[in-house]
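Undergrad: First the structure, then my questions, so here it is.
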Amino acid sequence: MLSADFGHLERDVKMIERSQAEWLHIDVMDGVFVPNISFGFPVLKAITAATDKFMDVHLMIVEPEKYVERFAKAGADLVTFHLEATDKVQECIDLVRKSGAQVGISIKPATPVEAIEEWLPQLDLVLIMSVEPGFGGQSFIEGSTEKVAALRRMIDQKGLATLIEIDGGVSRHNARELYDAGCNALVAGSAVFQAPDPETEIVAMLEA
Ligand code: ZN
């Protein structure tokens with residue numbers, strides 16, 4: 001939703017609602033963990049009220065342990081926080097679980113997948129950032145596909161059901177390669193919202 005038109009937020013949420021996209025991805029930025037500020041609780045509540053889609057909330061905020069419960073209460077079905085944003089990883093996982101939402105951890109481009117290994121058995125999802133978090137419209141960082149493949153091997157070797165999601169520079173041009181590398185969820189912002197027909201673009205990505 002970061003690439004949506006905030007002046008026509010309901011229209012854009014309704015477009016996603018009608019489309020074949022299964023999840024709605026919300027990038028929450030605090031201006032500290034990343035050099036940008038985006039959504040807060042009132043906007044999240046408004047979006048939740050306008051859709052029945054799965055609410056996938058990506059927290060790019062420091063000390064997420066202070067807010068994860070409030071995001072779950074505001075309608076998040078999945079709360080993903082950044083490994084680099086807290087030294088209280090277990091506390092964050094426990095708080096999200098207690099809230100009833102699914103739990104995910106995201107890693108920035110410079111963080112290796114090995115850093116997430118010890119937490120994998122407790123996670124519903126790992127989100128790999130394929131751009132530096134903070135802004136929409138960036139180009140896909142080469143090497144992110146190999147990171148996905150390495151994480152896929154790690155998850156499969158452990159016999160886990162953890163999903164892999166990728167966020168940043170995703171479009172119909174790399175959707176197939178990312179799916180083949182082991183991604184279960186593709187986040188697309190500008191590729192969808194800047195397309196002449198966003199709903200058709202979503203279908204093109206799903207069929208790529
Ligand atoms: Zn995101």
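Undergrad: Students often check this: by mean Cβ neighbours within 10 Å, which of 11-19, 56-64 ranks highest, and how do the rest follow? Let's see the in-between values first.
TA: Values: 11-19: 16.3, 56-64: 23.2.
In descending order of packing, they fall as 56-64, 11-19.
Undergrad: Quick one: accessible surface of residue 83, probe radius 1.4 Å, all protein chains present, in square angstrom to the nearest 10.
TA: In the full protein context, residue 83 sits at about 30 Å².
Undergrad: Quick check: at a probe of 1.4 Å, how many percent of the accessible area of segment 1-83 sits on carbon and sulfur atoms?
TA: Details: 1910 of 3700 Å².
Here carbon and sulfur together make up 52 percent of the probe-accessible area.
Undergrad: Whole number please: convex hull volume per residue of the Cα set in segment 1-69, in Å³? Don't jump to the answer; show the numbers that get you there.
TA: Working: hull volume 6.0 nm³, N = 69.
Roughly 87 Å³ of hull volume per residue.
Undergrad: Just the accessible area for residue 177, please: 1.4 Å probe, Å², rounded to the nearest 10?
TA: Looks like 90 Å² after rounding.
Undergrad: When the accessible area of segment 90-171 is computed with all protein chains present and a 1.4 Å probe, what percentage of it is carbon and sulfur? Before the final figure, lay out the partial values.
TA: Values: 1760 of 3500 Å².
Accessible surface attributable to carbon and sulfur in segment 90-171 totals 50 percent.
Undergrad: Okay, moving on. Would you mind checking 45/147; 45/108; 88/108 for any pair whose Cα atoms are more than 24 angstrom apart? List each step's numbers first, then the result.
TA: Details: 45/147 34 Å; 45/108 27 Å; 88/108 17 Å.
In this structure, 45/147; 45/108 exceed 24 Å between Cα atoms.
Undergrad: Suppose a student asked you for the relative contact order of segment 27-123, using Cα pairs under 8 Å spaced at least 6 residues apart; what percent would you report? Let's see the in-between values first.
TA: On the way: 148 pairs, mean separation 22.3, N = 97.
Relative CO of segment 27-123 lands at 23 percent.
Undergrad: How big is segment 30-92 on each of its three principal axes, counting only the C-alpha atoms and giving the largest first in Å?
TA: Result for segment 30-92: principal-axis Cα extents of 34, 25, 15 Å.
Undergrad: Now a separate question. Per residue of the chain, what 222 nm ellipticity follows from adding -39500 (n - 2.57) for every DSSP H run with n ≥ 4, rounded to the nearest 500?
TA: Calculated at 222 nm, the ellipticity per residue is -9500 deg cm²/dmol.
Undergrad: Summing Lys, Arg as +1 and Asp, Glu as -1, what charge do residues with Cβ under 9 Å from the Cβ of residue 1 carry, residue 1 excluded?
TA: Details: positive: none; negative: 12, 27.
Value of the local net charge: -2.
Undergrad: What does the extension gain come out to for residue 156 and residue 77, with contour length at 0.36 nm per residue minus their alpha carbon separation?
TA: Working: separation 79, 0.36 × 79 = 28.44 nm, distance 2.44 nm.
Net length gain for the segment: 26.0 nm.
Undergrad: Report the charge-dipole magnitude of segment 12-130 in Debye, nearest 20, computed about the Cα centre from +1 at each Lys and Arg Cβ and -1 at each Asp and Glu Cβ. Could you put the intermediate results ahead of the total?
TA: On the way: 11 positive and 19 negative charges, 98 e Å.
Once rounded to the nearest 20, the dipole reads 480 debye.
Undergrad: Related question: What nm value, rounded to one decimal, do you get for the distance between residue 18 and residue 94 when each label is placed 7 Å out toward the C-beta?
TA: Between residue 18 and residue 94, the simple spin-label model gives 4.7 nm.
Undergrad: Among DSSP beta bridges whose residues both lie in segment 6-206, state the antiparallel percentage, nearest 5. Don't skip to the answer; put the middle values down first.
TA: On the way: 1 of 28 bridges.
Bridges in segment 6-206 are about 5 percent antiparallel.
Undergrad: So how many Å³ per residue does the convex hull of the Cα atoms of the chain work out to?
TA: Looking at the chain, the number lands at 110 Å³ per residue.
Undergrad: At 7 Å along Cα-to-Cβ for each site, give me the label-to-label distance between residue 118 and residue 146 in nm.
TA: Each label point lies 7 Å from its Cα, and together they span 2.6 nm.
Undergrad: For the chain, what is the accessible area per residue in Å², given a 1.4 Å probe and the full set of protein chains?
TA: On the way: 9600 Å² over 208 residues.
For the chain, the solvent-accessible area averages 46 Å² per residue.
Undergrad: Roughly how big is the chain's charge dipole about its Cα centre, with Cβ charges of +1 (Lys, Arg) and -1 (Asp, Glu), in debye to the nearest 20? It would help to have the intermediate numbers written out before the result.
TA: Numbers: 18 positive and 33 negative charges, 66 e Å.
Computed charge dipole of the chain: roughly 320 debye.
Undergrad: Roughly how far apart, in whole Å, are the Cα centres of segment 1-64 and segment 83-110?
TA: Between the Cα centres of segment 1-64 and segment 83-110 lies a distance of 18 Å.
The values are calculated or read from the model by the stated rules, or taken from the named source; none is laboratory data. In this text, all values refer to a predicted model and were calculated from it rather than measured experimentally. Cβ sites come from the backbone with ideal geometry, for glycine too, and all protein chains shown count toward neighbours. Accessible surface is based on the protein model in full, side chains and every heavy atom, while ligands, DNA and RNA are left aside. Shrake-Rupley method; radii C 1.70, N 1.55, O 1.52, S 1.80 Å.
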